[in-house]
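Scroll down for the structure; my scribbles are underneath it.
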Amino acid sequence: MGLGILKDGKWIPERDQEDTEGKFIRPSTTFRDKITADGSSKFKAEPGRYHLYISWACPWACRTAILRELKGLQDVISMSVVGAEIKDNSWEFTDEPGAIPDTVNNAQYLWQIYLKADPNYSGRVTVPVLWDKQTSTIVNNESREIIRILDTEFNDFAHQDVDFYPKHLQDKIDETIDKIYQPINNGVYRAGFATSQTAYDEAVTELFTALEHWEKLLETQRYLCGAQITEADWCMFTTLFRFDAVYYVHFKCNINRIIDYPNLWNYLKDLYQYPGVKATCNLDHIKRHYYKSHPKVNPTRIVPKGPNIDFEAPHNRDTVGAS
C-alpha cells in the first residue's frame, strides 16, 4: 500500500490508479523471492538476518506483523514502522507514537529502501517489505507470500508452537485467500478509489455479496476454513478490523457495517482477542492515514472522532460448530 511511484530511480509523487472506466487497478508486486528453512533458495532462514518494514495503517502490512507476533519471531526478525500519513514523499519514518525508525538502513523515506535494493527501480513503493541485511536487498514485498514465509520457514526459531497453514487444510486455505481477495480485501479499495459510478457500483455490490456469503458460512463453523484458525482468517481480519472505522465512510462501503452482521462481528472480536493480535492494531494510525492521505477521496483531510467500537466485548464464537 502506498501512493506515488518510482520511475527509473526517480520519485514521482502522483500517479493514476484507475483505468479508462474508472476502475481502481492494483499493480502487481515486484520482489517475489523466497526464504527457505533448508537453504534451497538463495535466502536461508536465519535469526537476525531479516528486517520487516510495515505500516500499522496498511492491512496488507499488518498481516505480516500479526504472523511475526503470533509465531514469536520478534527477536528473530527486526521491524521498522513508518508514520501514519503518506505525504509527497510517500511512507516516511517519523518519531510519532507507534512509529519505529529504520535502524538498519537509516532511511527517511521508504522509497530509499527500494533504491538501495535497485538504484534504477521502477514501480510502486509499498509496505510490507522483507529486507535481507546480509545481501542488502529486498527479498519480498508481497504480503501473502511474506506471511507464508513467516508461518512455515522460521519454525526452528519461533517461540510459539502455532501453525496457521496445517497440511490437511493447505488447499482450502489457498482457495479461501483467493476467494476473499478480489471482492473483500481489494474490494474496499475498488469501491473507495473508483472514479465512475459504474465501477463503484460493481465493486461495492461484489463486496457485500461476499460479506453475506461469509456471514452465512460462519453460522456453522468458527473460522473461514473450519474449526481451526488459519492464514485465511488473518487475511480477512485486517480488512474487517478497518471496515467500520474507515471503509464504511471513507470508501463509501456503507450498505452495512460489520457490526450489523452477527456472525462476522463476533468472528472479528474473536480474532482481535487472540493473544498477541491487539499489539498489531493501531486505530489512530489507521484513521489518520486513510482520512489524511487520500485528498482525492477526502479533500478536507478531517479525521472523524468516531466510531466507538468495543473489540473486547464478549463473543460467542467458542460455541459455534461445537458438537
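Restricting Ala61, Ala107, Ala65 to those that are surrounded by 15 or more Cβ atoms within 10 Å (Cβ to Cβ) and in a loop (DSSP other than H, G, I, E, B) reduces the list to Ala107.
Given Glu14, Glu21, which one is in contact with a Ser or Thr (Cβ under 9 Å, 6 or more places away or on another chain), at pLDDT below 95, surrounded by fewer than 16 Cβ atoms within 10 Å (Cβ to Cβ) and in a loop (DSSP other than H, G, I, E, B)?
One residue alone meets the criteria, Glu21.
When residues in the stretch 263-277 are screened for being closer than 14 Å to Thr230 by Cβ and free of Cβ contacts under 8 Å to residues at least 60 places away in the same chain, 3 of them pass.
Inspect all residues belonging to the stretch 187-194 and state whether any of them is without any contact (Cβ under 8 Å) to a residue 40 or more places away in the chain, of a type in the set (Lys, Arg) and surrounded by 14 or more Cβ atoms within 10 Å (Cβ to Cβ). Within the stretch 187-194, not a single residue is without any contact (Cβ under 8 Å) to a residue 40 or more places away in the chain, of a type in the set (Lys, Arg) and surrounded by 14 or more Cβ atoms within 10 Å (Cβ to Cβ). Scanning the stretch 281-323 for residues that are farther than 17 Å from Glu96 by Cβ and part of a helix (DSSP H, G or I) yields Arg317, Asp318, Thr319.
Can you spot a residue in the stretch 36-44 that is of a type outside the set (Gly, Ala, Ser), in a strand (DSSP E or B) and free of Cβ contacts under 8 Å to residues at least 24 places away in the same chain? Checking the stretch 36-44: at least one residue is of a type outside the set (Gly, Ala, Ser), in a strand (DSSP E or B) and free of Cβ contacts under 8 Å to residues at least 24 places away in the same chain. Any residue in the stretch 203-226 that is of a type outside the set (A, V, I, L, M), within 17 Å of Arg63 (Cβ to Cβ) and under 18 Å from the mean Cα position of the chain (by Cα)? The answer is no, given that none of the residues of the stretch 203-226 is of a type outside the set (A, V, I, L, M), within 17 Å of Arg63 (Cβ to Cβ) and under 18 Å from the mean Cα position of the chain (by Cα).
The values are calculated or read from the model by the stated rules, or taken from the named source; none is laboratory data. Remember, it's a predicted structure, so these values are computed and weren't measured experimentally. Backbone-built Cβ (ideal geometry, glycine too); neighbour counts: all protein chains shown.
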